[in-house]
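Single-structure report; data block below.
Nothing in this text is a laboratory measurement; each read-out follows from the coordinates by a stated rule. Remember, it's a predicted structure, so these values are computed and weren't measured experimentally. We place every Cβ from the backbone using ideal geometry, glycine too, and count neighbours over all the protein chains shown.
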Amino acid sequence: MRSSMGARAERGAILRWVVGLIFGLPIAIVLGLNLSFQLPGKAPVPDPAATVGYFAYGSNMNDRYFTRVRGIDRAQSRMATLADYAVTFNLDGMPPLEPAFANLTAAPGVMAYGVYHRLREDEFARIIDSEGDAYAIRDVTVTFQDGSTAQARTLISKPSLVTPALPSRRYLNYMHEAAQHYEMPVEVVERYDPAQGAYFPVVSECFGALIQTAVWVFART
């Protein structure tokens with residue numbers, strides 16, 4: 001009898017260990033990855049093969065997100081502007097947790113602020129693959145703070161929201177951090193204040209962690 005009870009207890013312990021591993025390991029991986037995403041962005045590395053200019057205006061402006069989450073290597077990053085365009089949040093996301101994403105809309109006389117990344121062709125191709133087919137590639141001319149210009153590619157999509165919506169606090173935080181880091185005008189920094197973004201305590205953190213983990217995995221497969 002004691003031997004039988006001992007065997008059942010041992011099987012029960014093994015089962016609990018397996019169940020704990022099944023549920024605990026994915027949680028540990030998600031938490032570990034998202035902690036690594038808080039590290040500063042990887043520094044640009046000079047690369048003569050990096051000949052593609054990419055004008056980012058949403059979360060891809062952020063060095064941490066761009067290099068840690070998406071895993072993109074860049075040779076250069078600097079603040080840039082695109083004339084006659086405005087950054088708008090008219091792309092449908094996953095409401096209510098991620099209500100909208102950034103897009104570029106033609107706006108004569110307006111200036112869109114973003115970040116110019118210089119990349120290798122294969123790194124730009126990775127961005128296109130991860131963004132999906134909702135965006136069209138546009139060749140544009142961007143202007144730097146010193147007045148010089150450069151040719152770049154950017155991504156523009158057909159609006160899917162009739163009325164633009166505020167993004168999540170997570171998404172705005174990436175844009176706000178980038179606007180501060182690249183010393184964009186005060187009005188741009190204030191516009192991306194994350195405090196105004198959609199936020200649901202605990203749920204938003206968990207959902208954001210899952211999204212970032214999914215992007216991290218997809219960007220490397």
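Numerical summary
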quantity	calculated
Cα gyration tensor shape of segment 56-198, rounded if a/c is under 1.5, else prolate or oblate by comparing a/b with b/c	rounded
³J(HN,Hα), Karplus 6.51/-1.76/1.60, whole Hz, each residue of segment 109-118, x for Gly, Pro	x, 9, 10, 8, 9, x, 10, 8, 10, 9
Percentage relative contact order, segment 95-178, counting C-alpha pairs under 8 Å, at least six apart	39
Mean Cβ count within 10 Å, highest first, over the residues of peptides 136-142, 93-99, 54-60	54-60, 93-99, 136-142
